[in-house]
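Participant: Quick one: this structure, given as structure tokens, is what I'll be asking you about.
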Amino acid sequence: MLKLIHASKIYHRSGVCALRAVDLDVARGEYVSITGASGSGKSTLMHVLGLLDTLTAGRYLLDGEDVSRLPPQALARLRSERIGFVFQRFQLIPGMTALENVALPLVLQGVPHAVRLGRAAEQLEAVGLSDRLMHKPGQLSGGQQQRVAIARAVVTQPDVILADEPTAGLDPEAAADVLALFDRLHRAGNTIVLITHDRSAAARAARQLCLENGTLHSGQTK
Ligand SMILES: Nc1ncnc2c1ncn2[C@@H]1O[C@H](COP(=O)(O)OP(=O)(O)OP(=O)(O)O)[C@@H](O)[C@H]1O
Ligand SMILES: [Mg+2]
């Protein structure tokens, strides 16, 4: 499903080599966690996998298609169709309701208004927020906002859910809710890549990887 072949990323402005000849193969339906010290390249890896950034060298195959050299417009389209993102800071639109936030990726795909609101409501129900559809992010707790973000990530039925430190800003109970949701999404057949500092969170994934100064290893960070 996701395949990196000798993938390297150099940020030319800083001269930092953030990924060094990374090989990674994530099969459909897998749940993989990635740990690593600050600056080890985790977010860079997520940006590459999520088509938010491109490689300096090496190749990236998404579902068998080489996407390493596609122009920005093609990347943007693939990103909106194939990738679901969950970020540490939720990145919800403050002026929109939970329902509108979750429906937003479907606007970009041209799904009709009534259909997308219906699908957004279903996803919010699935994350336990059917009584919060009309609330704006500022009227929700951090854990609730992250659950809205997860509903938004899955509403397009993406090929992969990429989560970068999704529990870092949450209290333990809300973090546990978020991890339970990922477990459920995994059981339902979703492919998940979870980046986290939290060792117990990482341990929930079937396969654990760690980044060390841009190099990927199996197992958790020591
Ligand atoms: N846009 C950028 N321009 C230049 N250098 C960058 C850029 N983004 C990241 N870097 C550098 O690349 C390296 C990896 O950064 P990255 O953000 O991937 O680390 P990380 O593992 O996500 O860290 P953290 O745990 O702190 O989020 C760091 O040395 C960082 O300074
Ligand atoms: Mg990071």
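Participant: When the residues of segment 158-173 are narrowed to those that are of a type in the set (D, E, K, R) and more than 16 Å from ligand 2 (Cβ to nearest atom), which ends up surrounded by the fewest Cβ atoms within 10 Å (Cβ to Cβ)?
Facilitator: Start the filter on segment 158-173 by keeping residues that are of a type in the set (D, E, K, R), which leaves 159, 164-165, 171, 173.
Still in the running and more than 16 Å from ligand 2 (Cβ to nearest atom): 159, 171, 173.
On the way: D159: 17, D171: 11, E173: 8.
Going through the qualifying residues, I end up with E173.
Participant: If only one of A176, A180, A206 is at pLDDT below 95 and open to solvent by 10 Å² or more (accessible area, probe 1.4 Å), which one is it? Step through it out loud before you land on a result.
Facilitator: Values: A176 fails: at pLDDT below 95; A180 fails: at pLDDT below 95.
A206 is the lone residue from the list that is at pLDDT below 95 and open to solvent by 10 Å² or more (accessible area, probe 1.4 Å).
Participant: So, in segment 1-16, exactly how many residues are at positive phi and in a strand (DSSP E or B)?
Facilitator: Of the residues in that region, 1 qualify.
Participant: Continuing with the same structure: Hey, does segment 139-149 have a residue that's open to solvent by less than 20 Å² (accessible area, probe 1.4 Å), more than 18 Å from the chain's Cα centre (by Cα) and either over 19 Å from V26 (Cβ atoms) or small (G, A, S) (or both)? Write out each step before concluding.
Facilitator: Initial filter on segment 139-149 (open to solvent by less than 20 Å² (accessible area, probe 1.4 Å)): 140, 143, 146, 148-149.
Checking the rest, the ones that are also more than 18 Å from the chain's Cα centre (by Cα) come to 140.
Add one more test, that the residue is either over 19 Å from V26 (Cβ atoms) or small (G, A, S) (or both), and what stays is 140.
Among the residues of segment 139-149, at least one is open to solvent by less than 20 Å² (accessible area, probe 1.4 Å), more than 18 Å from the chain's Cα centre (by Cα) and either over 19 Å from V26 (Cβ atoms) or small (G, A, S) (or both), which makes the answer yes.
Participant: Could you list, in sequence order, the residues of segment 17-51 that are within 16 Å of ligand 1 (Cβ to nearest atom), surrounded by fewer than 16 Cβ atoms within 10 Å (Cβ to Cβ) and either outside any strand (DSSP E or B) or modelled with pLDDT under 95 (or both)?
Facilitator: Those that are within 16 Å of ligand 1 (Cβ to nearest atom), surrounded by fewer than 16 Cβ atoms within 10 Å (Cβ to Cβ) and either outside any strand (DSSP E or B) or modelled with pLDDT under 95 (or both): A37, S38, G39.
Participant: Considering each residue of segment 26-51, count those that are at positive phi, more than 10 Å from ligand 2 (Cβ to nearest atom) and touching a residue at least 60 places away in the same chain (Cβ under 8 Å), and give that number. I'd like the intermediate steps shown before the answer.
Facilitator: Pass one, segment 26-51, residues at positive phi: 29, 36, 39, 41, 51.
Add one more test, that the residue is more than 10 Å from ligand 2 (Cβ to nearest atom), and what stays is 29, 51.
In the following step, the residues that additionally are touching a residue at least 60 places away in the same chain (Cβ under 8 Å) were identified as 29.
So the count comes out to 1.
Participant: Also, I was wondering about something else. Regarding segment 109-124, can at least one residue be identified that is surrounded by 13 or more Cβ atoms within 10 Å (Cβ to Cβ), under 16 Å from the mean Cα position of the chain (by Cα) and of a type in the set (S, T, N, Q)?
Facilitator: No, that holds for no residue.
Participant: State which residue is surrounded by the fewest Cβ atoms within 10 Å (Cβ to Cβ) when the search covers only segment 183-203 and only residues that are within 16 Å of ligand 1 (Cβ to nearest atom) and of a type outside the set (G, A, S).
Facilitator: R199
Participant: Filter segment 124-164 down to residues that are in contact with a strand residue (DSSP E or B) (Cβ under 7 Å, 6 or more places away or on another chain) and outside any helix (DSSP H, G or I) and give me whichever is farthest from R204 (Cα to Cα).
Facilitator: Among residues in segment 124-164 that are in contact with a strand residue (DSSP E or B) (Cβ under 7 Å, 6 or more places away or on another chain) and outside any helix (DSSP H, G or I), the one farthest from R204 (Cα to Cα) is T156.
Participant: Could I ask something else about it? Going through segment 52-65 one residue at a time, which ones are open to solvent by 60 Å² or more (accessible area, probe 1.4 Å) and either assigned to a strand (DSSP E or B) or within 16 Å of ligand 2 (Cβ to nearest atom) (or both)?
Facilitator: Passing the criteria: L52, R59, E65.
Participant: Moving on. Could you list, in sequence order, all residues of segment 33-43 that are of a type outside the set (D, E, K, R) and touching a Gly at 6+ places or on another chain (Cβ under 8 Å)? Talk me through it step by step, then tell me what you get.
Facilitator: First, pick out the residues of segment 33-43 that are of a type outside the set (D, E, K, R): 33-41, 43.
Of everything in segment 33-43, those that are of a type outside the set (D, E, K, R) and touching a Gly at 6+ places or on another chain (Cβ under 8 Å) turn out to be S40, G41.
The values are calculated or read from the model by the stated rules, or taken from the named source; none is laboratory data. Quantities reported herein were computed from a predicted structural model and do not represent experimental measurements. FYI the Cβ positions are ideal-geometry reconstructions off the backbone, even for glycines, and counts take in every protein chain you see. Only protein heavy atoms, including side chains, enter the accessible area calculation; ligands, DNA and RNA are left aside. Shrake-Rupley method; radii C 1.70, N 1.55, O 1.52, S 1.80 Å.
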